[in-house]
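Colleague: The structure under discussion is supplied below as structure tokens; questions concerning it will follow.
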Amino acid sequence: MLEYNLPRYLPSAEELPDSDETPVDNELQELIPGLLKAILLILWSERMDWLFAIDMGIYYHPDKPPIVPDGFLSLGVERFYDEELRPSYVLWDENVVPIFVLEVVSQNYRKEYTTKLAEYEALGVLYYVIYSSRRRRKPHLEVHKLVNGKYELQEGNPVWLPEIGLGIGCERGNYCGVTREWMYWYDEQGERYLTPAEQIKQETQRAQQEAQRAQQEAQRAQQEAQRSQQEAQRAQQETQRAQQETQRAQQEAQRAEVAEQRVQQLTEQLKALGIDPDNLA
């Protein structure tokens, strides 16, 4: 950890230069940390105790130039403290050393494996991560963890960072329309967290599937309604047939009653003539 021999009166972040005016050597130095930050903005959208900064100066002494990593993460700090956000990261104001620092090696080697490693080690940064896609015989990703004041290289890809609650690793994917190896955050089981574009695509597919299920349910409901309507029509037809049968039965009964009345009248007429209708033979 750096020993601060700070003067009595210290400038604020607003009074210090907010950049070292050094241009990035490669677009990846912006895109790779930008992707990591974009994923965090979704993962930790409800949290306000973290800061992931890109190409922001870290001031550890007012009379010395800042250290400007490609990206760094601090936990236990205010997400922002006014609408202007932070111009730089001033350790004597924040009182929190970044827990994670990222350097992306470009064509112009900037001593990421030597001088910068020693600087972050002295500063007390818990995790120093170096990414270089140009390496041939060594891993593209190196994760160094501070153990007893010295960095120890961690094995694996991804590497789990328990103090952060995330894993860091790299694999091929697509971001900003570019298919190549990118760095991502992972869960403890080694499953990669989705990028914002992937999450939108996933949500869109889920919404489409839900819409299809809803449409299928509506079609099934419509078919059930049609079947119910057909059943009701058949029931109505059966009722009508039953009514017609009842009417026919009533008509037959009426005809039988009329015939019986005629027989009775004829019997009485025969008797009036002295003829026994039972002995007509």
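Colleague: What does the accessible area per residue of the chain come to in Å², with a 1.4 Å probe and no ligands, DNA or RNA counted? Could you put the intermediate results ahead of the total?
Modeller: Values: 17950 Å² over 281 residues.
I get 64 Å² per residue for this part.
Colleague: Further, regarding this structure: Roughly to the nearest percent, how much of the accessible area of the chain is carbon and sulfur, given a 1.4 Å probe?
Modeller: Numbers: 8490 of 17950 Å².
Heavy-atom surface of the chain belonging to carbon and sulfur, 1.4 Å probe: 47 percent.
Colleague: Another question about this same structure. Do any trypsin sites (Lys or Arg not before Pro) in the range 65-118 lie in a loop, going by DSSP, with at most 16 other beta-carbon atoms within 10 Å of their beta carbon, and if so which?
Modeller: Details: sites: Arg79, Arg110, Lys111, Lys116; in loops: Arg79, Arg110, Lys111.
When the trypsin sites (Lys or Arg not before Pro) of the range 65-118 are filtered for loop state and at most 16 Cβ neighbours within 10 Å, Arg79, Arg110, Lys111 remain.
Colleague: Compare Phe80, Phe72 by solvent-accessible area with a 1.4 Å probe and give them largest first, with all protein chains kept in place.
Modeller: Phe80, Phe72
Colleague: How do 152-160, 226-234 rank on mean C-beta neighbours within 10 Å, highest first? Mind dumping the intermediate values first?
Modeller: Values: 152-160: 14.9, 226-234: 10.0.
Highest mean packing first, the order is 152-160, 226-234.
Colleague: Whole percent per 5 Å bin, from 0 to the bin with the longest distance: what is P(r) over all C-alpha pairs of the range 182-281?
Modeller: Per 5 Å bin, starting at zero, the Cα-Cα P(r) for the range 182-281 comes out as 3, 8, 7, 7, 6, 6, 5, 5, 5, 4, 5, 4, 4, 4, 4, 3, 3, 3, 3, 2, 2, 2, 2, 1, 0, 0 percent.
Colleague: Sorting Tyr113, Tyr81, Tyr59 by accessible area (1.4 Å probe), largest first, what list results?
Modeller: Working: Tyr113 60, Tyr81 85, Tyr59 10 Å².
Heavy-atom accessible area, descending, gives Tyr81, Tyr113, Tyr59.
Colleague: Okay, moving on. Can you give the FRET efficiency to the nearest 0.05 for Asn95 and Glu191, using r as the Cβ-Cβ distance and R₀ = 45 Å?
Modeller: Values: r = 34 Å, r/R0 = 0.77.
Computed FRET efficiency for Asn95 and Glu191: 0.85.
Colleague: Oh, and also: So what are the three principal axis dimensions of the range 52-157 from its Cα atoms, in whole Å, longest to shortest?
Modeller: 46, 32, 28
Colleague: Do any GluC sites (Glu not before Pro) in the range 57-149 lie in a DSSP loop with no more than 12 other beta carbon atoms within 10 Å, and if so, which? Please report the intermediate quantities before stating the final value.
Modeller: Details: sites: Glu78, Glu83, Glu84, Glu94, Glu103, Glu112, Glu119, Glu121, Glu142; in loops: Glu78, Glu83, Glu84, Glu112.
Here the GluC sites (Glu not before Pro) that fit, given the DSSP loop and packing criteria, are Glu83, Glu84.
Colleague: So for the chain, Kirkwood radius off the Cα pairs, Stokes-Einstein at 4 °C and 1.567 mPa s: how many µm² s⁻¹? Could you put the intermediate results ahead of the total?
Modeller: Details: Rh = 25.5 Å.
D, rounded to a whole number, is 51 µm²/s.
Colleague: Would you kindly state how much longer the chain becomes between Asp49 and Ala272 on full extension, computed as 0.36 nm times their sequence separation minus their alpha carbon distance, in nm to one decimal?
Modeller: Separation in residues times 0.36 nm, less the Cα-Cα distance, equals 68.1 nm.
Colleague: Ok, one more. Just list whichever of Lys111/Lys138; Lys37/Lys138; Lys64/Lys116; Lys116/Lys150 have alpha carbons separated by over 19 Å in the model shown. Could the numbers behind the result be given before it?
Modeller: Working: Lys111/Lys138 17 Å; Lys37/Lys138 26 Å; Lys64/Lys116 15 Å; Lys116/Lys150 13 Å.
Among Lys111/Lys138; Lys37/Lys138; Lys64/Lys116; Lys116/Lys150, the Cα-Cα distance tops 19 Å for Lys37/Lys138.
The values are calculated or read from the model by the stated rules, or taken from the named source; none is laboratory data. In this text, all values refer to a predicted model and were calculated from it rather than measured experimentally. Ideal geometry is used to build each Cβ from the backbone, glycine not excepted, and the neighbour counts take in all protein chains shown. Calculation scope for accessible area: heavy atoms of the full protein, side chains included, ligands and nucleic acids excluded. Shrake-Rupley method; radii C 1.70, N 1.55, O 1.52, S 1.80 Å.
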